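Asker: Before I ask anything, let me first share the structure, which is written out below as C-alpha cells.
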Amino acid sequence: MKCSVCGKDELLPFKCKYCGEFFCAEHRLPEKHNCLGIFAASSPYEKEMREVRMKVKAEEEIMKAISRKTIFREAVHIAVSVILVSLVGLSLIGYESLLFINPSITILYITGFSLSYLMHESAHRIVARRNNVRAYFKLDPIGSLLTLVSAIPMLPIKFIAPGAVVLATPSTIKTLGSTAFWGPATNIALSVILYISSLISRSLFFYPPLSGILLILAKFNAFIAFFNLLPFGPLDGLKIIKWSIARWAIAVALSVTLMFLTW
C-alpha cells in the first residue's frame, strides 16, 4: 500500500487514527502529513485540561442557574416583607382613615414605609459586601407572622421584623457589629431628615398634608431604629453591643429622642 504523501510502497503502512489515511514511517505523525484531524491529536495533559475546562463550565452553568433562583427567591422575600411593613405603617394611621384621604397621599405613605424598610436592609447588605461578606435577604416565618399581627390597628406594640439580611460567610465581631449598626443608623438619619422637613413644611405653609405625612414617616423610622436596637434574639442590638456598647447607647438615645419629638 502506498503512502498518501510520498507514494512510497509500504508492506505494513501506518493508518492515522485521526484522518484514516495510510502513511509510511516518515509521514505517519499527524503533523508530518498535514492531518486534517490534527486538532484532535492532543497530549494526555491537554485532554485532561480540556475535561477540566468542560467540568468547570458545567459547574459555572449550574451556579448561574442557582444564582438566578436565589435572586428570584430573594426578590419574592423582599416583596413580601415590604408589604407586611407597609401594612404595619398604615395601621399607625388607621385603615378607616384611608377611606377619607386622597389616594395619592396613601401612595406617599406606602412609598415612604417601603423605602424606610428597604434602606434599612440595604444598609446591612452594602456594609457586609464592603467587608467582602456575601449577604442576602431572607424572610423569617415567625417574624413575618408577628409583623402581620402587628398590622392590627388597635395593638399598641408593633413588631417590625419580617426578615433580615443574613451573612453567608463566617464573620468577625466587628463585621457583624458594624453591619448591624448601619441599619438602625440609616433609619435615625432618615428620621432626622424627615422631622426637619416636616417642621420646614409647616412653617412655610406648603401642601398642608405634607407636614403630617413627613412627621409620621419620621416617627416610623425612629421606631424601626429603636426596635432593631433592642438587644434580643436576632435583632441588631445584641450584635452592636458586642462590637461597641458606646455606639449602641448613642443610637438608642437618638432613636428615643426622635420618637419623643415625633409623637
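The values are calculated or read from the model by the stated rules, or taken from the named source; none is laboratory data. None of the values given here were measured: they were computed from a predicted structure. All Cβ positions, glycine included, derive from the backbone under ideal geometry; neighbour counts span all protein chains shown.
Asker: How many residues does the range 66-97 contain that are without any contact (Cβ under 8 Å) to a residue 24 or more places away in the chain, among the hydrophobic types (A, V, I, L, M, F, W, C) and surrounded by 14 or more Cβ atoms within 10 Å (Cβ to Cβ)?
Answerer: So the count comes out to 1.
Asker: A further question follows. Kindly indicate whether Ile126 is β-branched (Val, Ile, Thr), over 15 Å from Asn228 (Cβ atoms), in a helix (DSSP H, G or I) and touching a Ser or Thr at 6+ places or on another chain (Cβ under 7 Å).
Answerer: Answer is no for this residue.
Asker: Against the condition crowded, with 17+ Cβ neighbours inside 10 Å, out of contact with any helix residue (DSSP H, G or I) (no Cβ under 7 Å at 6 or more places or on another chain) and part of a helix (DSSP H, G or I), how does Phe223 come out, does it pass?
Answerer: no
Asker: Can you run down the residue pairs with Cβ atoms below 7 Å, 6 or more apart or on separate chains, where the first is in the range 1-23 and free of Cβ contacts under 8 Å to residues at least 12 places away in the same chain and the partner is of a type outside the set (A, V, I, L, M, F, W, C)?
Answerer: Qualifying pairs under 7 Å: Asp9/Lys2.
Asker: Let me ask something else about it. Can you pull out the residues in the range 188-208 that are of a type outside the set (S, T, N, Q) and either outside any helix (DSSP H, G or I) or over 24 Å from Val82 (Cα atoms) (or both)? Spell out how you get there, then give the answer.
Answerer: Of the residues in the range 188-208, the ones of a type outside the set (S, T, N, Q) are 188-190, 192-196, 199-200, 202, 204-208.
Ile196, Leu199, Ile200, Arg202, Leu204, Phe205, Phe206, Tyr207, Pro208 - these are the residues of the range 188-208 that are of a type outside the set (S, T, N, Q) and either outside any helix (DSSP H, G or I) or over 24 Å from Val82 (Cα atoms) (or both).
Asker: Residues of the range 127-141 being in contact (Cβ under 8 Å) with a residue 24 or more places away in the chain and under 16 Å from Gly177 (Cα atoms), which ones?
Answerer: Within the range 127-141, Val127, Ala128, Asn131, Val133, Arg134, Ala135 qualify.
Asker: Taking the criterion of being under 26 Å from the mean Cα position of the chain (by Cα) and closer than 13 Å to Val88 by Cβ, would at least one residue in the range 162-171 satisfy it?
Answerer: Looking for residues that are under 26 Å from the mean Cα position of the chain (by Cα) and closer than 13 Å to Val88 by Cβ, one finds at least one in the range 162-171, hence yes.
Asker: Restricting to the range 207-240, name every residue that is more than 24 Å from the chain's Cα centre (by Cα) and touching a residue at least 60 places away in the same chain (Cβ under 8 Å).
Answerer: Scanning the range 207-240 gives Pro209, Ile213, Ile216, Leu217, Lys219.
Asker: Ile240: of a type in the set (A, V, I, L, M, F, W, C), in contact with a Pro (Cβ under 9 Å, 6 or more places away or on another chain) and either surrounded by fewer than 22 Cβ atoms within 10 Å (Cβ to Cβ) or assigned to a helix (DSSP H, G or I) (or both), yes or no?
Answerer: Spelling it out, Ile240 is indeed of a type in the set (A, V, I, L, M, F, W, C), in contact with a Pro (Cβ under 9 Å, 6 or more places away or on another chain) and either surrounded by fewer than 22 Cβ atoms within 10 Å (Cβ to Cβ) or assigned to a helix (DSSP H, G or I) (or both).
Asker: Please work out which one of (1) of a type in the set (Gly, Ala, Ser); (2) at pLDDT 80 or above; (3) within 28 Å of Ile193 (Cα to Cα) is the condition Gly143 fails and give its number.
Answerer: It is condition (3) that Gly143 fails.
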